[in-house]
Amino acid sequence: MFQIKPHISLELHCPNCNSLNISQLSIHCAGIQFLIDCRCQTCELDFFHTLPTGHALLFPLAFAKKSPQLFLPSKTGDWYYQYLLDAYYQSRFLACKIQKITYQQFDKVLIINCLDYLFGHSFLRLLNVEQHLKTTPEIGIVVIIPATMAWLVPQGVAEVWLVEVNFAQCRYWLKDLDSFFQTQIQQYEAVYLSYAFVQLDWTKVNIELFTRTPRFDLTKFAQIPPHITLIIREDRFWLRTQWEKLLFRISIRLGWQKYFKTLFCYQQNRRFHRLAQLLQRQNPDLKIKAVGLGKSLKISPLLEDQRATHLDTKTELDWCQMYSQSHLVVGVHGSNMLIPTALSAGFIELLSEERIINFAEDIALPYQDRKLYFFGRFLPETASPRLVAQHIAAILQGFRLFDLCLNDDYHRFVIDENLPEKYRE
Ligand SMILES: [Zn+2]
């Protein structure tokens, strides 16, 4: 964390002449980014510079105020900055409503900005709350977050600013949020910003703080009836064949998704139906649920349909309960896998070629040992239902031996008078 009031505890270079003689004028909460308004006293460049929070820690960005001129590290994807720049240079500032909820009053506050255009990025930023609550309890935490994610904000924060925007709108310059930020920070004696790290150690995250649901109890894996949850999306699909993938790419490029959605849903549902058939043939007691946003087509009668046409807090919490009771969750790559993999015992993820560069970014399985390999399996999206079923069976049926082999009682290098109980079993 770093301070922005009463003083800014950051030293910035001019992106044009590298001078340190910079006047720092004001700080803006533009949406995803915090920006500082600067003037270089050496070359007289007026520019905005990002403050190091979220992805701006990895990709610091500066841009000139008067005419389009961009300064950024090489290999920075345009997903990160283009909307913000377009909004600024074309004066497309977005209006939005903000609802402030106060739980506790503090003179000193720490702001965690969780706005982002992807749910996964927002959620990862929010997880920073846990460590801040532990390390600086004397400073009140202010969370800025899309209103649809209010259900995930943990207890213990001082304030929440719920911003009524959808994820895509977060990419623009949110002028009402900036005005609100300017007014609000007047009342505090000191203001800090969280770095809002987007890469966290999942073994140190207490997911229950956020989901109100404890994760799957691994000690009960073999005792409770087997249970699988399929996570089904209607904007990203389990596409196996080359023609499907080509058609999907073309439909995205031309904005024709709505014309082909039924076809993709149909193909995907066929595969989940076949998977359910194979799994229930192996194990008639297996319960399989389906969750996900959208119910365009009927789903296999072998699945318990828990999908929803819109999301609310009750649905989200119900789904969390299902993940936490699931021996496995199965779905295609995407930030929709973060919470399920944080709560279930394991997962099967179907990964497309396009998402190989994002490998494991959407996975939150908190194991440190061989369990990570056993319970976390990535398959190409071309995988057949039969191959997916084989992996699921290998986990469900192989757990007992796997668990025994990991047990310390099994690893004895002394002369045993009596074989340990576990080994005898
Ligand atoms: Zn300069």
Mean separation of Cα contacts under 8 Å (6+ apart) over length of the stretch 267-425, as relative contact order %
18 percent
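How big is Rg to Rh over the stretch 365-425, alpha-carbon atoms, Rh as the Kirkwood inverse-mean-distance radius? Write down the numbers at each step before the final one.
On the way: Rg = 15.8 Å, Rh = 13.9 Å.
With Rg and the Kirkwood Rh in hand, the quotient comes to 1.13.
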Most fluctuating residue given options Ile224, Ile22, Ile98, as computed from a GNM of the chain linking Cα atoms under 10 Å
Ile224
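How much length, in nm to one decimal, is gained on full extension between Lys314 and Tyr266, taken as 0.36 nm per residue of separation minus their Cα-Cα distance? The partial results should precede the final answer.
Numbers: separation 48, 0.36 × 48 = 17.28 nm, distance 2.80 nm.
So the chain would gain 14.5 nm between Lys314 and Tyr266.
With +1 on each Lys and Arg Cβ and -1 on each Asp and Glu Cβ, and nothing else charged, work out how big the dipole of the stretch 2-94 is about its Cα centre, in Debye to the nearest 20.
Computed charge dipole of the stretch 2-94: roughly 80 debye.
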By how many degrees, 0 to 90 and rounded to 10, does the Cα axis of helix 78-89 deviate from the longest principal axis of the chain?
30 degrees
Using alpha carbons only, how many degrees (0 to 90, rounded to 10) separate the axis of helix 385-406 from the longest principal axis of the chain?
80 degrees
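Enter the mean projected area of the convex hull around the alpha-carbon atoms of the stretch 302-425, in nm², rounded to one decimal. Walk me through the numbers before you get to the answer.
Details: hull surface 42.4 nm².
The number I arrive at for the stretch 302-425 is 10.6 nm².
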For Ser74 and Ser384 in one chain, what is 0.36 nm times their gap in residues minus the Cα-Cα distance, to one decimal in nm?
107.7 nm
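How much space per residue, in cubic angstrom, does the convex hull of the C-alpha atoms of the chain take up?
Numbers: hull volume 76.1 nm³, N = 425.
Hull volume normalised by residue count: 179 Å³.
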Relative to the chain, whose Cα atoms define the longest principal axis, helix 175-184 and its Cα axis are tilted in degrees, nearest 10, by 80 degrees
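Quote the FRET efficiency, to the nearest 0.05, computed for Asp305 versus Gln186 with a Förster distance R0 of 51 Å and r equal to the Cβ-Cβ distance. Walk me through the intermediate numbers first.
On the way: r = 51 Å, r/R0 = 1.00.
Calculated transfer efficiency: 0.50.
Can you tell me, using C-alpha contacts under 8 Å and at least 6 residues apart, the relative contact order of the chain as a whole percent?
Numbers: 754 pairs, mean separation 56.4, N = 425.
Relative contact order comes out at 13 percent.
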Using the charge dipole of the chain (Lys, Arg: +1 at Cβ; Asp, Glu: -1 at Cβ; taken about the Cα centre), state which of Ser67, Gln268, Pro154 has its Cα farthest towards the positive end.
Gln268
Histogram of C-alpha separations across the stretch 8-164, 5 Å bin width, %:
2, 8, 17, 19, 19, 15, 11, 7, 2, 0
Quick check on packing: order 175-182, 75-82, 214-221 by the mean number of other C-beta atoms within 10 Å, highest mean leading.
175-182, 214-221, 75-82
Among Arg233, Arg370, Arg171, which one moves the most in a GNM of the chain with springs linking Cα atoms closer than 10 Å?
Arg370
Putting +1 on Lys and Arg Cβ atoms and -1 on Asp and Glu Cβ atoms, find which of Ile111, Trp256, Phe47 reaches farthest to the positive end of the dipole of the chain.
Trp256
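What is the magnitude of the charge dipole of the chain about its Cα centre, with +1 placed on the Cβ of each Lys and Arg, -1 on the Cβ of each Asp and Glu, and no other charges, expressed in debye to the nearest 20? Walk me through the intermediate numbers first.
On the way: 44 positive and 41 negative charges, 315 e Å.
For this selection, approximately 1520 debye.
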Contour minus Cα-Cα distance for Gln131 and Leu247 (0.36 nm per residue):
37.3 nm
Residue among Leu365, Leu126, Leu297 with the largest mean-square fluctuation in a Gaussian network model of the chain, springs linking Cα atoms under 10 Å:
Leu297
Taking a virtual spin label 7 Å from the Cα of Gln41 along the C-beta vector, which residues in the stretch 1-16 bring their backbone nitrogen under 19 Å of it?
7-16
For each cysteine in the chain, check whether another cysteine's C-beta sits under 4.7 Å from its C-beta; list those where none does.
Cys29, Cys38, Cys96, Cys114, Cys170, Cys265, Cys320, Cys405
May I ask you to list the residues of the stretch 160-188 whose amide nitrogen lies under 17 Å from a point 7 Å from Cα along the Cα→beta-carbon direction of Lys100?
160-164, 175-188
Over 27 Å between alpha carbons, listed pairs Lys204/Lys295; Lys220/Lys371; Lys245/Lys298; Lys245/Lys314:
Lys204/Lys295; Lys245/Lys314
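What percent antiparallel are the DSSP beta bridges of the chain, to the nearest 5? Before the final figure, lay out the partial values.
Values: 26 of 63 bridges.
Bridges in the chain are about 40 percent antiparallel.
What pairs in Lys261/Lys287; Lys5/Lys75; Lys108/Lys134; Lys65/Lys108; Lys5/Lys97; Lys65/Lys100 have C-alpha atoms more than 23 Å from each other?
Values: Lys261/Lys287 28 Å; Lys5/Lys75 33 Å; Lys108/Lys134 16 Å; Lys65/Lys108 31 Å; Lys5/Lys97 25 Å; Lys65/Lys100 31 Å.
From Lys261/Lys287; Lys5/Lys75; Lys108/Lys134; Lys65/Lys108; Lys5/Lys97; Lys65/Lys100, over 23 Å: Lys261/Lys287; Lys5/Lys75; Lys65/Lys108; Lys5/Lys97; Lys65/Lys100.
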At 7 Å along Cα-to-Cβ for each site, give me the label-to-label distance between Asp176 and Asn283 in nm.
4.9 nm
Over the Cα atoms of the stretch 255-371, how large are the radius of gyration and the largest Cα-Cα distance (Dmax), in Å?
15.0, 45
Putting +1 on Lys and Arg Cβ atoms and -1 on Asp and Glu Cβ atoms, find which of Ala389, Phe375, Ala360 reaches farthest to the positive end of the dipole of the stretch 357-409.
Ala389
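Laboratory data are not the source of any read-out in this text; all were calculated from the coordinates shown. Everything numeric in this text was worked out from a predicted model, so none of it was measured. Every residue, glycine among them, receives a Cβ derived from its backbone with ideal geometry; neighbour counts consider all protein chains shown.
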